[in-house]
Amino acid sequence: MSVKTIYPRAGLKGEVRVPGDKSISHRSVMFGSIALGTTEITNFLQGADCLSTIHCFQKMGIEIEKKKEGLVVHGRGLYGLSAPKETLNVGNSGTTTRLLSGILAGQGFASVLSGDESLNSRPMGRIMTPLSRMGAHIESVGSNGCAPLKIEPGALHGISYQSPVASAQVKSAILLAGLYADGDTSVTEPALSRNHTELMLGGFGAEIVSVLHEDGSATAGVRPCKQLYGQRILVPGDISSAAYFIAAGLLSQGSELLICNVGINPTRAGILKVCEAMGGDITYVNCRDMGGEPTADILVRFSELRGTTVEGRMIPTLIDEIPIIAVMAACAKGITVIKDAAELKVKETNRIDTVTENLKAMGCDATPTEDGMIIEGGKKLVGARIRSYLDHRIAMAFAVAGLLAEGETVIEDSQCVDVSYPEFFDTLSSLT
């Protein structure tokens, strides 16, 4: 077990450049592999999850070159993948599993997807149901609704699917299968989830329709596709990785940090709205567009934060940032309520439990609820031994908490940050 000890620090200064966006990195490799021609990807995230995506496509005959500045994917077209000779190992990556299932449902060969113990315990029925309705032959090998998943050739039909959850992974799996269907395919969600798939697929040449309804629900649709074509993709910095330094800058007395080149797509940027609602001093600098993705440098300064309520349609835009939002809440004045976030239970850990358990260990009054948590802020945090449960977002969130606590904080299984941010602890240490 790898451990990392964090000591309290104040007055953090400097510029931070976070790794490329995880969601966009995954999709760039996937879409480039099933496009015709070369896709050049700059600022690709070299994290364990994204490397799992690369390895899966390499096993299906796709040549992927690693360059100093990123990747070059030599795509072979929608039907150019080859049958893998062995099980496709998705590691700990739910994105790889769910999106790749949509692509594999349209192929003319059989395949099996399997990952580590954590991945193989996460629910896959949410993609199996709609893909099966489209005519896909997909089954849970263990008959428990989880991976390993066996996918065999099937003739796909377009459907209009009403998703019970706002999930970009569910939506993307269906849209990707829709590329191979015999008719139009659409997904309607109760709220708009992150829309990287729609933006990027459109750039590769797919016919995409996106509609935001008056009641807040959203529909994304795709038409059957004859071919996608390789593109050049510049991946913006990952706002999920930036969130830890945004929080550190707001919470650590006397701090001022500039986090450079961060994607601020509105379907992902709920963390910024929460920070502003809590009284955070945030300034956007050098706002620009990178291939359809809004991007900016984010300047944060120490602020006296106050409690807030995080709920409803905002949740899909910040679901991965709730652990660090909870840390901010612990340091804010007043009560913060997080609700409508039952999705936290099916992440790498049950993050309702792991977040509140570790906050309590640091002396915070945190109460888990059925769909979130209630946090009474204002008490000084105390150093503790933090159980990450191999969840990268727990490890990074509580490393930031350790900067603010009295005494030392020890993060167990700290190597799990390699999933999304291998340089995280080095970057944190570099701030003066």
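Observations
- The residues in the stretch 93-110 that are crowded, with 24+ Cβ neighbours inside 10 Å, of a type outside the set (A, V, I, L, M, F, W, C) and either in a loop (DSSP other than H, G, I, E, B) or in contact with a helix residue (DSSP H, G or I) (Cβ under 6 Å, 6 or more places away or on another chain) (or both) can be counted, and the count is 6.
- Restricting the stretch 5-38 to residues that are assigned to a strand (DSSP E or B) and touching an Asp or Glu at 6+ places or on another chain (Cβ under 9 Å), the residue that is nearest to LEU99 (Cα to Cα): GLY20
- Number of residues in the stretch 108-128 that are touching a strand residue (DSSP E or B) at 6+ places or on another chain (Cβ under 9 Å) and closer than 19 Å to LEU179 by Cβ equals 5.
- Screening GLY20, GLY14, GLY32 for residues that are under 22 Å from LEU257 (Cβ atoms) and crowded, with 24+ Cβ neighbours inside 10 Å leaves exactly one candidate, GLY20.
- For GLU343, the criteria (1) assigned to a helix (DSSP H, G or I); (2) open to solvent by 60 Å² or more (accessible area, probe 1.4 Å); (3) not hydroxyl-bearing (Ser, Thr, Tyr) hold in every case but one, which is (2).
- Every residue from the stretch 189-210 that is assigned to a strand (DSSP E or B) and either touching a Phe, Trp or Tyr at 6+ places or on another chain (Cβ under 7 Å) or over 14 Å from GLN162 (Cβ atoms) (or both): ILE208, VAL209, SER210
- Subset of the stretch 407-432 [over 18 Å from SER252 (Cβ atoms), of a type in the set (A, V, I, L, M, F, W, C) and touching a Lys or Arg at 6+ places or on another chain (Cβ under 6 Å)]: VAL410
- Top-ranked residue of the stretch 361-382 - restricted to ones that are aliphatic (A, V, I, L, M) and not in a loop (DSSP other than H, G, I, E, B), ranked as surrounded by the fewest Cβ atoms within 10 Å (Cβ to Cβ): VAL382
- Applying the condition of being among the β-branched types (Val, Ile, Thr) and farther than 17 Å from LEU176 by Cβ to the stretch 66-107 and asking which residue is farthest from the chain's Cα centre (by Cα) yields THR87.
- Flag for LYS339 being touching an Asp or Glu at 6+ places or on another chain (Cβ under 8 Å), under 26 Å from GLY11 (Cα atoms) and either of a type in the set (D, E, K, R) or without any contact (Cβ under 8 Å) to a residue 40 or more places away in the chain (or both): no
- Of residues in the stretch 383-406 being touching a Lys or Arg at 6+ places or on another chain (Cβ under 8 Å) and in a loop (DSSP other than H, G, I, E, B), the one surrounded by the fewest Cβ atoms within 10 Å (Cβ to Cβ): ALA405
The values are calculated or read from the model by the stated rules, or taken from the named source; none is laboratory data. Everything numeric in this text was worked out from a predicted model, so none of it was measured. Cβ: placed from backbone, ideal geometry, glycine included. Neighbour counts: every protein chain shown. Note: areas computed on protein heavy atoms with side chains; ligands, DNA, RNA excluded. Shrake-Rupley method; radii C 1.70, N 1.55, O 1.52, S 1.80 Å.
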